[in-house]
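Novice: Handing you this structure, nothing more for now.
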Amino acid sequence: MSTSVAGRPSAEQLRAWLPDAALGAAVLLLGLAEASRVKPFWQDWWDLALVVGGIATAVGLSRRAPGAALGLVWLVGLAQLVTGTPVLLAQLSIAAVAFGAARWGSTAVVWLSGLSIPLGAAVVVLFAASEVYDVISGFIDYSSVIDSAYRFGTTWEVGAAVVGMFVLGSPWLAGLALRFGSRAAESRVSQVAAEEDAARAVQESAQAREIARLREEQARMARDVHDVVGHSLAVILAQAESAQYIEDADTEKLKQTMATIATSARTSLQDVRQVLTTTRSGSAPSRGGSLDSLVENVRASGHEVASTVVGQPQPLPPELETVAYRVLQEMLTNAIKHGRRDTPVTVERHWEGELRIEVRNVVQGEPGDDVTQPIRAVHHGGAPGQGIDGMRRRLDAVGGRLDVRRRDEAGGPTFTATAWVPVRGGS
């Protein structure tokens, strides 16, 4: 792409002006040829050259500078009237200026060009047929100018005005029609582009919602698998550790322990399959059993569990039942993983307008001087807070809440997790 240097127009700009310059040059040649027939070259015909050159220049500017072309036409016309220069057929090319002003001019140029057509005809009538003509004719012989050019007689003035309005008005109306047609086409293109942008935005929004949904499904599945596998592995690990201390002669107890391990593994596989099935089908996740079955599984693993139910249990909607099951499952998993085996795990369920689940256990370690304090998570060497964060997300989704605290008591540091689950849907 070429650019202008030191104020000079670029090659592309010059090429863009070539059609306009060629049209102006054609008008100039035709006008000079006509002027040579009106008055010989060797006579003083600078006035004809001025008219022809001005009209040719106005035609050349009609597309790129329609306002300047319109002003130049008026200057040429007034100079022609003042100097008494004969009217030339080349002046019909002013129609190109009228077309260009209506097609490419600004709003002001369109209005001025439209008013110029009847105004120009009025000037012709004023100077050629009114009393003003009679006064000025003593100084300038306009009748001889008109008669020598067209030989139409004394009734020519009004007819010429009508013909001039038609000759100039037709291209002006054509330019105006193309102007509005072009704007209508641009408006349609803009409308189509806006509709495409709107459709693209809707599609992108739908894709974003689908991605968010898939990510939420992925996170939910990860939480479910974490809860199921973590709980089952904790039970299996506790059973495997307790099996090391069974005497060889006590084969019955060893068989019972191995049966518990097998049952836990089988239940874990079933729960994982259920999680994957509900994820693929898009249905709501379901629980893996009852709250009592979770407590019994922990007891079967060899841990002592003190379970208490306060109040009258109430049926929960499936979504809340699943949340309560998964939250208690994670609480018991943490108790098995981090709690001391020689102290019982306390599980309390209170039905008092809402279900309050509380699990307490003594964790491994020595009591310190810390006062009672809420904590985000208690972790021992692993990634902190993954299970607790999962419980909190589950409860937040249904309008519940979670509180996790560590207390330093005489028997050792105690870990307490309390969850509140609404009974009749989230708030």
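The values are calculated or read from the model by the stated rules, or taken from the named source; none is laboratory data. These figures come from a predicted structure and were not determined experimentally. Don't worry about glycine lacking a Cβ; one is built from the backbone with ideal geometry, like all the others, and counts go over all protein chains shown.
Novice: Within the range 165-180, can you find the residues that are more than 41 Å from the chain's Cα centre (by Cα) and closer than 15 Å to Leu70 by Cα? Quick ask: steps written out before the conclusion?
Specialist: From the range 165-180, those more than 41 Å from the chain's Cα centre (by Cα) are 165-173; that's our starting set.
If the condition is that a residue be more than 41 Å from the chain's Cα centre (by Cα) and closer than 15 Å to Leu70 by Cα, then Leu168, Gly169, Pro171, Trp172 are the ones that fit.
Novice: Filter the range 27-37 down to the residues that are surrounded by fewer than 16 Cβ atoms within 10 Å (Cβ to Cβ) and touching a Ser or Thr at 6+ places or on another chain (Cβ under 9 Å) and list them by number. Quick ask: steps written out before the conclusion?
Specialist: Going through the range 27-37, the residues surrounded by fewer than 16 Cβ atoms within 10 Å (Cβ to Cβ) turn out to be 29, 33, 36-37.
None; the set is empty.
Novice: Of all residues in the range 22-61 being modelled with pLDDT under 90 and among the polar types (S, T, N, Q), which is farthest from Ala95 (Cα to Cα)?
Specialist: Checking each candidate, the answer is Gln43.
Novice: With Gln314, Gln386, Gln329 as the choices, which residue is at negative phi, among the polar types (S, T, N, Q) and at pLDDT below 80?
Specialist: Working: Gln314 fails: at pLDDT below 80; Gln329 fails: at pLDDT below 80.
Just a single option satisfies the conditions, and that option is Gln386.
Novice: Also: Given the conditions (1) in contact with a Leu (Cβ under 7 Å, 6 or more places away or on another chain); (2) surrounded by fewer than 16 Cβ atoms within 10 Å (Cβ to Cβ); (3) of a type in the set (S, T, N, Q), and given that Thr57 satisfies all but one, which numbered condition is not satisfied?
Specialist: So Thr57 meets the others, but not (2).
Novice: Taking the range 297-311 on its own, how many of its residues are modelled with pLDDT under 85, outside any helix (DSSP H, G or I) and not polar (S, T, N, Q)? Let's see the steps before the verdict.
Specialist: Taking the range 297-311 and keeping what is modelled with pLDDT under 85, we get 297-303.
Still in the running and outside any helix (DSSP H, G or I): 301-303.
If we keep only those that are not polar (S, T, N, Q) as well, we get 302-303.
Of the residues in that region, 2 qualify.
Novice: Moving to a separate point now. I need the full set of residues from the range 199-241 which are of a type in the set (Asp, Glu) and at pLDDT 75 or above, in order please. Step through it out loud before you land on a result.
Specialist: Going residue by residue through the range 199-241, those that are of a type in the set (Asp, Glu) are 204, 210, 216-217, 224, 227, 241.
Hits for the range 199-241 are Glu204, Glu210, Glu216, Glu217.
Novice: Also, quick follow-up: Run down Arg151, Arg188, Arg179 and say which single residue is modelled with pLDDT of 75 or more and surrounded by fewer than 15 Cβ atoms within 10 Å (Cβ to Cβ).
Specialist: Values: Arg151 fails: modelled with pLDDT of 75 or more; Arg179 fails: surrounded by fewer than 15 Cβ atoms within 10 Å (Cβ to Cβ).
Answer to the check: Arg188.
Novice: Another question about this same structure. Among the candidates Val110, Val82, Val97, which residue alone is in contact with a helix residue (DSSP H, G or I) (Cβ under 9 Å, 6 or more places away or on another chain) and free of Cβ contacts under 8 Å to residues at least 60 places away in the same chain?
Specialist: Values: Val110 fails: free of Cβ contacts under 8 Å to residues at least 60 places away in the same chain; Val82 fails: in contact with a helix residue (DSSP H, G or I) (Cβ under 9 Å, 6 or more places away or on another chain).
From the options Val110, Val82, Val97, the qualifying one is Val97.
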